[in-house]
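Shown next, in structure tokens, is the structure this report addresses.
The values are calculated or read from the model by the stated rules, or taken from the named source; none is laboratory data. Source: prediction; values computed, not measured. In this analysis, Cβ positions are derived from the backbone assuming ideal geometry, glycine residues included, and neighbour counts consider all displayed protein chains.
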Amino acid sequence: MASGASGHQASQSVKGGACEKPIEIAHARTCSCAPNHINCLTPKEWLKAQIGVWQFYYEARDVRDKDAHPATYPIALSTRCIELFTHEGELVLDPFVGSGTTLVSARDTGRNAVGFDLKEEYVELSRTRLDQQALCNQSRQVAVCDDARNIPQYLEEESVSLILTSPPYANLLNRQRKNKSRRGGERYNQQYRRVEQYSQDPRDLGTLPLEEYSREMGSIFAGLLPLLKPRGHCVVNVPDMWWENERITIHIALTEALREVGYELRNTIIWDRTNIVNRIGIFGWPSNYITMGVTFEYLLDFWRPPAS
């Protein structure tokens, strides 16, 4: 594969059909780590990442505007995952790139990365974020406007070291928000009664009921598995949600779907969001105890098992 731009970071935004297939992008280590190391971390950094409950803070570069994108994770989250499961110079894939946070973290850490999204607006947002601060390294980040189902056309088999993504949550955002977890008058903020679904494109997984969504996710990730190196990791960020007083266990549905197509679940990490959630309302009191999904999410860590 060709290397990235010489002497400086390069970003690219392309539409499906306008991009050369496969994309020529580097994926080999550029660090001097021992061959059996899975990352470039020091023992102290490794120990910190081993704790199974993670907290992060947002920074100024993070996208917090719900009008720009309804569901984002902080740069610090994707940076930790990339540093934990890859080496400098290796290739990261985000099949549902959204606002481009994974690409920003890849640029910051000297990893190559490709992200895909159906919406041209999100691809443009990713490009804009990458252009805001050029870094002097040889990594390359590419945002492609295309369906995740088509990703195998773009990348070589066993070229990806990490798949990192926060996918749509079935059709659970495709409804008016009631903001029951907000306290007092804050319930009636600008999000109240808004539908914050990504799009109404029939290809969008966020328009599908959970059972159909699980089948489609299994099919998509089955297509991605050959792209992943053996022992390469796949980290999926999802919450569970409440629908008509029923807990919808998206993390279980996704775990089963990915296991069925050949991934092995290695770790379940809790993203503890309590430090970034303010003024939580009393939800379910006094007769119905419910843990609020806004206070935590799951990071499901799979890998492609080594050949037996």
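Quick check on region 243-285: of everything there that is assigned to a strand (DSSP E or B), more than 24 Å from residue 307 (Cβ to Cβ) and touching a strand residue (DSSP E or B) at 6+ places or on another chain (Cβ under 7 Å), which residue is modelled with the lowest pLDDT?
At the first step, the residues of region 243-285 found to be assigned to a strand (DSSP E or B) are 243, 246-248, 264-272, 280.
Retained after the next criterion (residues that are more than 24 Å from residue 307 (Cβ to Cβ)): 243, 246-248, 268-272, 280.
Narrowing further to those that are touching a strand residue (DSSP E or B) at 6+ places or on another chain (Cβ under 7 Å): 248, 268-272.
Numbers: 248: 85, 268: 97, 269: 97, 270: 97, 271: 96, 272: 95.
Looking at the filtered set, the residue picked out is 248.
Under the condition of being of a type in the set (D, E, K, R) and not in a helix (DSSP H, G or I), which residue from region 130-167 is surrounded by the fewest Cβ atoms within 10 Å (Cβ to Cβ)? Quick ask: steps written out before the conclusion?
Keep residues of region 130-167 that are of a type in the set (D, E, K, R), which gives 131, 140, 146-147, 149, 156-158.
Now narrow it down to the ones that are not in a helix (DSSP H, G or I): 140, 146-147, 156-158.
On the way: 140: 25, 146: 20, 147: 16, 156: 16, 157: 12, 158: 14.
Checked region 130-167; the qualifying residue surrounded by the fewest Cβ atoms within 10 Å (Cβ to Cβ) is 157.
Look through 228, 299, 258 and report the one residue that is closer than 27 Å to residue 36 by Cα and touching a Gly at 6+ places or on another chain (Cβ under 8 Å). It would help to see each step written out before you state the result.
Numbers: 228 fails: touching a Gly at 6+ places or on another chain (Cβ under 8 Å); 299 fails: touching a Gly at 6+ places or on another chain (Cβ under 8 Å).
Step by step, each of 228, 299, 258 is checked, and only 258 is closer than 27 Å to residue 36 by Cα and touching a Gly at 6+ places or on another chain (Cβ under 8 Å).
Is it the case that region 208-217 has a residue that's modelled with pLDDT of 90 or more, in a loop (DSSP other than H, G, I, E, B), among the acidic types (Asp, Glu) and in contact with a helix residue (DSSP H, G or I) (Cβ under 9 Å, 6 or more places away or on another chain)?
Within region 208-217 (the criterion being modelled with pLDDT of 90 or more, in a loop (DSSP other than H, G, I, E, B), among the acidic types (Asp, Glu) and in contact with a helix residue (DSSP H, G or I) (Cβ under 9 Å, 6 or more places away or on another chain)), the answer is no, since none of the residues qualifies.
What pairs come up if the first residue lies in region 286-308 and is free of Cβ contacts under 8 Å to residues at least 40 places away in the same chain, the second is of a type in the set (Ser, Thr, Tyr) and surrounded by fewer than 18 Cβ atoms within 10 Å (Cβ to Cβ), and their beta carbons are under 7 Å apart, counting only those six or more places apart or on different chains?
295/274
Okay, residues lined up against (1) surrounded by 14 or more Cβ atoms within 10 Å (Cβ to Cβ); (2) touching a His at 6+ places or on another chain (Cβ under 9 Å); (3) of a type in the set (Ser, Thr, Tyr):
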residue: 273; (1), (2), (3): yes, no, no
residue: 276; (1), (2), (3): yes, no, no
residue: 281; (1), (2), (3): yes, no, no
residue: 286; (1), (2), (3): no, no, no
residue: 302; (1), (2), (3): yes, yes, no
residue: 308; (1), (2), (3): no, no, yes
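I'd like the full set of residues that are farther than 17 Å from residue 204 by Cβ and assigned to a helix (DSSP H, G or I), limited to region 99-125. Write out each step before concluding.
Initially, region 99-125 is screened for residues farther than 17 Å from residue 204 by Cβ, giving 100-114, 124.
Hits for region 99-125 are 101, 102, 103, 104, 105, 106, 107, 108, 109, 124.
Can you work out which of the residues in region 38-47 that are without any contact (Cβ under 8 Å) to a residue 60 or more places away in the chain and surrounded by 12 or more Cβ atoms within 10 Å (Cβ to Cβ) is farthest from residue 231 (Cα to Cα)?
If we filter region 38-47 for residues that are without any contact (Cβ under 8 Å) to a residue 60 or more places away in the chain, which is where we start, we get 39-47.
Remaining after also requiring surrounded by 12 or more Cβ atoms within 10 Å (Cβ to Cβ): 39-41, 45-46.
Numbers: 39: 12, 40: 16, 41: 17, 45: 21, 46: 18 Å.
Within region 38-47, the match that is farthest from residue 231 (Cα to Cα) is 45.
Would you confirm whether any residue within region 245-254 is under 24 Å from residue 217 (Cβ atoms) and exposed (fewer than 12 other Cβ atoms within 10 Å of the Cβ)?
Residues of region 245-254 under 24 Å from residue 217 (Cβ atoms): 246-254.
Subset that is exposed (fewer than 12 other Cβ atoms within 10 Å of the Cβ): 246.
Within region 245-254, one or more residues are under 24 Å from residue 217 (Cβ atoms) and exposed (fewer than 12 other Cβ atoms within 10 Å of the Cβ).
Filter region 288-306 for residues that are more than 19 Å from residue 247 (Cβ to Cβ), part of a loop (DSSP other than H, G, I, E, B) and out of contact with any Pro (no Cβ under 6 Å at 6 or more places or on another chain) and give the result.
305
At pLDDT below 95 and touching a strand residue (DSSP E or B) at 6+ places or on another chain (Cβ under 7 Å), is that true of residue 124? Step through it out loud before you land on a result.
Values: at pLDDT below 95: yes; touching a strand residue (DSSP E or B) at 6+ places or on another chain (Cβ under 7 Å): yes.
So residue 124 passes the test.
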